[in-house]
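To start, the structure under review is shown below, and the notes come after it.
The values are calculated or read from the model by the stated rules, or taken from the named source; none is laboratory data. From a predicted model like this one, the values you see are computed outputs, not experimental measurements. A quick note on method: Cβ atoms are made from the backbone with ideal geometry, for glycine too, and the neighbour counts reach across all protein chains shown. Ligands, DNA and RNA are stripped out before the accessible areas are found, and what is left, the full protein with its side chains, is counted by its heavy atoms. Shrake-Rupley method; radii C 1.70, N 1.55, O 1.52, S 1.80 Å.
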Amino acid sequence: MKNAGLKYVCKPISLEVTNGQTRFTAGYQGQREVVMTQGNGDGNYFADAETLARVEGEGQVVFRYVDNPNGSVANIAGIQNARGNVLGMMPHPDRAFEAELGSADGATLFQSIYAAA
């Protein structure tokens, strides 16, 4: 869905690591907040109440926005499938790969995937 403000937004964004026990987040080792880059105009996650209850109950929500920039339901920024082998997220870990880019927190996500492989 389009961002709540109907504009493309590109800026550093704080995320809460909601589930640190996934193949995508294990490398954060208990780190609760990370910074990645939001770069989208379509980033507003939505789901009906039943789906939301299921993904929340099954631990599929991996990242949440600290300050929700786009109207995403329940502040969801990243969600994994039921098997835990696919992650969908709107912030860009690939744009937060080195401190010179504003954050290296995205690199940890890729390092986590590599370590799990």
Answer yes or no: is there a residue in the stretch 8-20 that is at pLDDT 95 or above, within 17 Å of VAL73 (Cβ to Cβ) and outside any loop (DSSP other than H, G, I, E, B). yes
Sort out which residues of the stretch 26-68 are open to solvent by 70 Å² or more (accessible area, probe 1.4 Å), touching a residue at least 40 places away in the same chain (Cβ under 8 Å) and of a type in the set (Lys, Arg), and write them in order of number. none
I need a count of the residues in the stretch 58-117 that are at positive phi and modelled with pLDDT under 90. 2
I'd like the residue in the stretch 74-116 that is touching a residue at least 24 places away in the same chain (Cβ under 8 Å), over 14 Å from THR18 (Cβ atoms) and of a type in the set (Val, Ile, Thr) and, out of all such residues, is surrounded by the most Cβ atoms within 10 Å (Cβ to Cβ). THR108
Among the residues of the stretch 50-58, is any under 27 Å from TYR8 (Cβ atoms) and in contact with a Ser or Thr (Cβ under 8 Å, 6 or more places away or on another chain)? no
